[in-house]
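Right, one structure below, let's go through it.
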Amino acid sequence: MIQKFFKLQISTNGQKLYEFTNQTLDWIKENKFKNGLINISIQHTSASLIVQENADPDVQNDLINYFDKLVPMDNRLYAHITEGKDDMPAHIKSSLTNNQISLSIKDKNLLLGTWQGLYLFEHRLENQKRTIIHHFIGE
Amino acid sequence: MIQKFFKLQISTNGQKLYEFTNQTLDWIKENKFKNGLINISIQHTSASLIVQENADPDVQNDLINYFDKLVPMDNRLYAHITEGKDDMPAHIKSSLTNNQISLSIKDKNLLLGTWQGLYLFEHRLENQKRTIIHHFIGE
Amino acid sequence: MIQKFFKLQISTNGQKLYEFTNQTLDWIKENKFKNGLINISIQHTSASLIVQENADPDVQNDLINYFDKLVPMDNRLYAHITEGKDDMPAHIKSSLTNNQISLSIKDKNLLLGTWQGLYLFEHRLENQKRTIIHHFIGE
């Protein structure tokens, strides 16, 4: 059994989905991981991780719009407003999605479905630097 | 340390919760897993996994109804509509729940609470074949 | 590779966030875990786990209020009402957040972001005893 870590940093410019499937796949390939778990965790509470369809870009826009309606940027709704109208909604959106995803690797393949991609879901409006930890345990 | 994989396939016929706790328990028993992690991941983005109460079937119906109201099947709300009125809501419901769950096994027992069951949450209206990967790492 | 388990019990008195980051950190330190995964799972379906900001307490109140509006305690909306007006909303809130979180440990440090804390999110109104399993796998 071995363990390896990889810190992926992504610069974001606004509320969008940022795909990082390829960076994860490259890391698996470089390290010749055969079978094991990858735990992927985001080190922030105003951005999150999701596994979503990577075929039609409309899906991503619909997701962003949906979450924006579900969690309105309206300071009258929240007490925590000092960091901007997008901050408390960002924390809520983060709670509604994921901070962390564990994925399986079998025979050197990351077990994702045909249409599944890995995304950072940025919930803040201004530019951010986001850290996503990859942690492999296996062989 | 050993690793084992098991691909569970479930045929679904509409928006429902499909319990698979017994299939998971059977696989653990057959393989005599003692202590370890099971990572369970669904290979689709329009169905999801949840751990929920398995005592009162009303809970399942209430969950389905709640999610249907929260994410309306109304094509006017979405840009991604080519795959049917239920498709984009299915992607959103999948984001609001889980693609993946990790569970612990201790002394041959899957550590679930008394009332917890494992469910596939189907969000599409038409018949589907769903693949749920089970991956054990432990001893 | 070693595995260890730890059952954390938290008494709750109403809908609140209960931080347990320190209990998790103490357990890691006592056991001198170096590198590995911790799987944390709650054994209930009417309370959940979240990773959230631990700086401004307003964030926690805003979260509780948001989820209360999103999932109203109104018996007319649900069929499962025998356990109280807060019970079915609790199951739904649990589905919208997490039953389980996997975290990574590297060089004896739990990899959480600067502002991230671990919380039990209690969704029931009356006093409860909640069990949160910690399971370490690593070295």
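Points to keep in mind about this one:
- Residue count for the stretch C:28-46, restricted to those that are crowded, with 17+ Cβ neighbours inside 10 Å and either away from chain B (no Cβ under 11 Å) or under 23 Å from C:Trp115 (Cβ atoms) (or both): 8
- So B:Leu112, is it of a type in the set (A, V, I, L, M, F, W, C), under 13 Å from the mean Cα position of the chain (by Cα) and either in a loop (DSSP other than H, G, I, E, B) or within 21 Å of C:Asn39 (Cα to Cα) (or both): no
- Any hit, the stretch C:54-61, residues being open to solvent by less than 30 Å² (accessible area, probe 1.4 Å), facing another protein chain (nearest Cβ under 7 Å) and more than 25 Å from C:Leu125 (Cα to Cα): no
- Any hit, the stretch B:81-99, residues being under 23 Å from A:Ile137 (Cβ atoms) and either touching a residue at least 60 places away in the same chain (Cβ under 8 Å) or buried (at least 20 other Cβ atoms within 10 Å of the Cβ) (or both): yes
- Enumeration of residues in the stretch A:3-22 that are open to solvent by 70 Å² or more (accessible area, probe 1.4 Å), within 29 Å of C:Phe136 (Cβ to Cβ) and more than 10 Å from every other protein chain (Cβ to nearest Cβ): A:Gln9
- Filter pass, A:Leu49 being surrounded by fewer than 23 Cβ atoms within 10 Å (Cβ to Cβ), within 12 Å of the chain's Cα centre (by Cα) and more than 9 Å from every other protein chain (Cβ to nearest Cβ): yes
- Candidate set: the stretch C:84-109, residues that are assigned to a strand (DSSP E or B) and of a type outside the set (Ser, Thr, Tyr); chosen: the one farthest from C:Lys32 (Cα to Cα): C:Asn98
- When residues of the stretch C:100-139 are limited to those that are in contact with a Lys or Arg (Cβ under 9 Å, 6 or more places away or on another chain) and surrounded by fewer than 19 Cβ atoms within 10 Å (Cβ to Cβ), the one farthest from the other protein chains (Cβ to nearest Cβ): C:Leu125
- Selection of the stretch B:62-92 for residues being hydroxyl-bearing (Ser, Thr, Tyr) and within 12 Å of chain A (Cβ to nearest Cβ) yields B:Tyr78, B:Thr82.
The values are calculated or read from the model by the stated rules, or taken from the named source; none is laboratory data. Given the structure is predicted, the values throughout are model-derived calculations rather than measurements. Positions of Cβ are generated from backbone atoms using ideal geometry, with glycine treated the same way; all protein chains shown enter the neighbour counts. Quick note on the areas: whole protein, heavy atoms, side chains included, nothing else; ligands and nucleic acids left out. Shrake-Rupley method; radii C 1.70, N 1.55, O 1.52, S 1.80 Å.
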